[in-house]
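Quick one: this structure, given as structure tokens, is what I'll be asking you about.
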Amino acid sequence: MRCIHCSEKAVFETPPLCKSHFSEYFERTVLRTINDFKLIRKGENLAVASSGGKDSNVLLFVLKKLGFKVTALAINEGIGGYRSLLLDSLRKFCLQQEIPLKIYDFREEYGFGTDDIAGHGGVCRRCGTLRRRLINIKAASFDVIATGHNLDDELQSLMMNIVKNNHEVAARIGPSSGVFNSQEAARYGFTRRVKPLFFLSEKEVVIYALLNRIPMINASCPYSSSSMRRHLKIPISRMEDESPGIKRRIIRGFMKISGPLKKSYGSSRPNRCVICGQPSKSRICSACRIASEIEEKLANSH
Ligand code: SF4
Ligand SMILES: [Zn+2]
Ligand SMILES: [Zn+2]
């Protein structure tokens with residue numbers, strides 16, 4: 001198969017594109033998403049929430065290439081043999097790409113790591129909530145947090161939240177997350193979160209990483225549960241095989257109706273947590289509740 005723009009061999013099929021035209025298409029899609037949805041303004045300071053995995057590595061690389069001011073911000077949850085592996089690779093990658101990197105540690109910030117709370121149930125929910133709060137706190141001096149969520153992640157989230165009847169959460173899905181605009185987000189203590197890879201599939205991210213020698217470490221978290229997200233992956237891939245482009249069409253279709261949906265949830269405004277000052281719907285945020293529950297459990301087990 002040959003590239004539709006030149007006579008070179010195609011590395012991608014829908015549509016057939018060669019190495020350089022594929023990279024061009026990928027970068028153009030990122031830039032178009034940023035411009036169409038006003039995700040990042042010129043000169044803004046960007047924190048890329050980095051896991052050391054392929055999506056955030058690709059995001060760091062492409063944003064730097066497009067001329068944005070990026071810093072990699074990573075959290076070490078304290079998961080031996082998993083996050084340590086990814087963070088070692090991230091350190092090397094950032095050094096090679098001359099990207100500033102900041103790593104914050106659960107054990108230093110909370111006094112325990114995820115390995116210490118394993119066996120206490122609900123590991124993922126706790127780990128994820130504590131990580132999101134830490135990123136929000138550490139990114140407060142940045143204008144925007146960019147995350148590496150791709151089209152597949154977002155379609156899975158959309159379907160998962162519809163199935164679970166979480167319509168308010170489904171309403172937040174979009175290249176710019178949250179039900180607030182950027183001024184409102186700042187007022188309520190959030191740093192704006194954006195997803196420049198929103199319209200690019202996982203397959204496209206993998207091809208871009210391969211073509212640009214971006215590290216893709218094959219490691220999975222020992223605590224990741226067999227979630228509904230993973231079960232949805234199979235039927236979604238089957239749908240895409242039978243009808244190429246359907247994932248993008250569903251997400252684009254949803255974007256057309258998500259505006260009114262977001263507005264309908266716009267009235268629920270968060271307060272500030274009385275302990276940490278972070279935005280929260282209740283008096284004490286879920287991260288503070290989780291942290292004190294864990295401290296108590298760990299103290300009782302000694
Ligand atoms: S899979 Fe779960 S436990 Fe592992 S890093 Fe992610 S949130 Fe934490
Ligand atoms: Zn070409
Ligand atoms: Zn709190």
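The values are calculated or read from the model by the stated rules, or taken from the named source; none is laboratory data. All of these numbers come straight from a predicted model, not from anything done at the bench. Cβ: placed from backbone, ideal geometry, glycine included. Neighbour counts: every protein chain shown.
Counting only residues that are hydrophobic (A, V, I, L, M, F, W, C), surrounded by 14 or more Cβ atoms within 10 Å (Cβ to Cβ) and near ligand 2 (Cβ under 9 Å from one of its atoms), how many does the range 1-17 have?
Final tally of qualifying residues: 3.
Do we have Leu87 as at pLDDT 95 or above and within 16 Å of ligand 1 (Cβ to nearest atom) here?
In short, yes.
Looking at (1) farther than 19 Å from Gly53 by Cα; (2) in contact with a Pro (Cβ under 9 Å, 6 or more places away or on another chain); (3) away from ligand 1 (no atom under 16 Å from the Cβ), find the lone condition where Asn166 falls short.
So the condition that Asn166 fails would be (2).
Table: residues versus (1) over 20 Å from Phe198 (Cβ atoms); (2) at pLDDT below 95; (3) away from ligand 3 (no atom under 16 Å from the Cβ).
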residue	(1), (2), (3)
Arg2	yes, yes, yes
Val11	yes, yes, yes
Ser23	no, no, yes
Arg28	no, no, yes
Thr33	no, no, yes
Gly43	yes, yes, yes
Ala49	no, no, yes
Asn57	no, no, yes
Thr71	yes, no, yes
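Can you name every one of the helices (runs of 4 or more DSSP H) wholly within the range 1-98 that holds 3 or more residues which are closer than 15 Å to Thr147 by Cα?
The qualifying helices (runs of 4 or more DSSP H) are 19-36, 54-65.
Still on this structure: Can you tell me which of Met239, Met255 is among the aliphatic types (A, V, I, L, M), farther than 30 Å from Ala118 by Cα and under 23 Å from the mean Cα position of the chain (by Cα)?
Going through Met239, Met255 in turn, just one is among the aliphatic types (A, V, I, L, M), farther than 30 Å from Ala118 by Cα and under 23 Å from the mean Cα position of the chain (by Cα): Met255.
Mind checking which residues of the range 39-60 are touching a residue at least 24 places away in the same chain (Cβ under 8 Å) and more than 15 Å from the chain's Cα centre (by Cα)?
Within the range 39-60, Ile40, Arg41, Gly43, Glu44, Asn45 meet the criteria.
If you take the residues of the range 103-134 that are within 19 Å of Ile284 (Cβ to Cβ) and of a type in the set (Phe, Trp, Tyr), which of them is surrounded by the fewest Cβ atoms within 10 Å (Cβ to Cβ)?
Phe112
Output the residues belonging to the range 75-104 that are in contact with an Asp or Glu (Cβ under 7 Å, 6 or more places away or on another chain) and under 23 Å from Phe142 (Cα atoms). Break it down into steps so the answer makes sense when it comes.
First, pick out the residues of the range 75-104 that are in contact with an Asp or Glu (Cβ under 7 Å, 6 or more places away or on another chain): 76, 78-80, 83.
Residue satisfying the conditions is Asn76 alone.
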